[in-house]
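*Asks:* Mind looking over this structure? Questions follow.
Please treat every number below as a calculation from the coordinates, not as lab data. It should be emphasised that the depicted structure is a prediction, and the values quoted were computed from it without experimental measurement. With ideal geometry, Cβ positions are generated from the backbone for all residues, glycine too; neighbour counts draw on all protein chains shown.
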Amino acid sequence: MDQVKVYLGLLKKYHFWLLSVIVVIASLVSWSVSSGKLAAEFERDKAQVDGAANGLKGVLGDGNPPNPKFTAKVEGEHKGLKSNVFTAWQELYESQVSQFVWPKEMPDLANYARGDKEIPRERRAYYNENVVRAEWEALLDEVPVRRIEEDDEADEEEGPRKGSRYVGIVEWSKSQQKAIIDRYYSKGIPSDLSVRLTQEDLWVFRTLVELVNQMNQVAIAQMELGIHDPLMATIKRIDKLDLAQWAIVDAQSDPTSLVASTGEGSGTGGGQPGGAGGAMPGGAGGPAAGGAGGPAAGGAGGPAAGGAGGPAAGGAGGPAAGGAGGPAAGGAGQGGAQDGDEQLLNGRYLDENGQPLAASAAKTPTSGPFAEFKQIFVYMKFVMDQRKVPDLLAACANSTLPIETRQVRIRPIGGSTSGSGARGGGGMFNGGAGNAGGPGAGAMPGNAGNGGGGGAAGDLAVTPYDMLVDVSGIIYLYNPPGEDPEKSNLGKGTARSPGKRSFGVPTGTVQAPRAASGK
């Protein structure tokens, strides 16, 4: 007990210093604990602030800041639009396929067309020998071509007899029609691709024929009443009506066409198609029908069925089916020979820039610019009533296979009312038998002009409203969309942006296939 008192005495005596030590120790312990907690909270808060700052930097650096709800909504809209586009693709394809009817003599070909199976060799041979000519002849015969009635045929040398009766309302060169038919007949058995493309051309060409007949429906209705009046026709003459490589060649070889880029293929005359006689089509004669140099049934230099220099089916230099230098069926001239299916595809379709597509890019949908469709060029050149051009363009847009018009040109069909010489001024389609030189004088059919190279076919009357009208356009041929539930075929072409394609016309050089590919 006494010891306790001793300690208590000492504590009482030195309690200040003892308490001071205790307070210092407690303060140190409290400071240490508090500072550690504050440091932890600081680091935690600092990490949160830094994270928020870094996230803000990402938002400020992006012009389209991400928003989870917004992103999900956009993705949903994108899927919906993709589905709508795919549905439209399916509908357009099915609409076209329903119009693509194979010949009734060979309905089984449709089964091969829907798949990848090659058409048997014997069926291709039968198609070539027994079907293709009849199909093309029947199609072209749908145009009411103006001709002498069969029981009143003209003498080949002297022309039509006096009083000969004409039927039909549209002038269209027989040589042009024959060239179209002949190009699709193969001397050997055509390849699988040749048969398919021949039939594709037939379907596209039907649209062009229907277009001509639609524009002339009033005059055609009169024909059923026995009235064959070409003055009532909207389209009075067909100068060019073609598709694919042939259309490109036609457009580029026509010196007055908007598509024309070079004067290649000229004959012995000047820098434009024609033989001796220079700048206007035709040789030593006018651009009417017949006579020396007439483009419809002409002699030397005639651009339709003429001799030397004729650009359609002529001799040396003819750019369509001519001899030496002809880009279509000629000999040594442009680009040399191409073989087999390669020449059928090379330049047939157009790329995203509106230029001829190489054969390698046209073999499959995904190797071309657009997986959804192919673009095929068409070219039309008419003598027609200029007042009906808006109707023509509307008819193109509403045709069986809609034609997207790219370029239109309207210009007068002739110069002065009389003349002679290589250029051959005067009324293009008038004039009876006359001397070699300009087309016949006078504005009514059959007038004998002093400068007339009109010949037998020069009986087409024109009105003051009639003009030369060129139309360049594109027809879209849709590829099968497939049954892919993910719609992954959309946008798989090499161009990737169908909406940004060019709307121009082809200016690149092509060589029209010489004949159907045989194997």
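*Asks:* Please work out how much length the chain gains when fully extended from Val49 to Asn111, using 0.36 nm per residue of separation minus the C-alpha to C-alpha distance, in nm with one decimal.
*Replies:* Result for the pair: 15.4 nm of gain on full extension.
*Asks:* What is the gain in length, in nm to one decimal, between Lys79 and Lys178 on full extension, counting 0.36 nm per residue of separation less the C-alpha to C-alpha distance?
*Replies:* Extra length available between Lys79 and Lys178 comes to 30.5 nm.
*Asks:* With each label point set 7 Å from Cα along the Cα-Cβ vector, what nm distance links Gln407 and Ala495?
*Replies:* 1.8
*Asks:* A further question on this structure: What trypsin sites (Lys or Arg not before Pro) does region 92-144 have in DSSP loop regions with at most 10 other beta carbons within 10 Å?
*Replies:* When the trypsin sites (Lys or Arg not before Pro) of region 92-144 are filtered for loop state and at most 10 Cβ neighbours within 10 Å, Lys104, Arg114, Lys117 remain.
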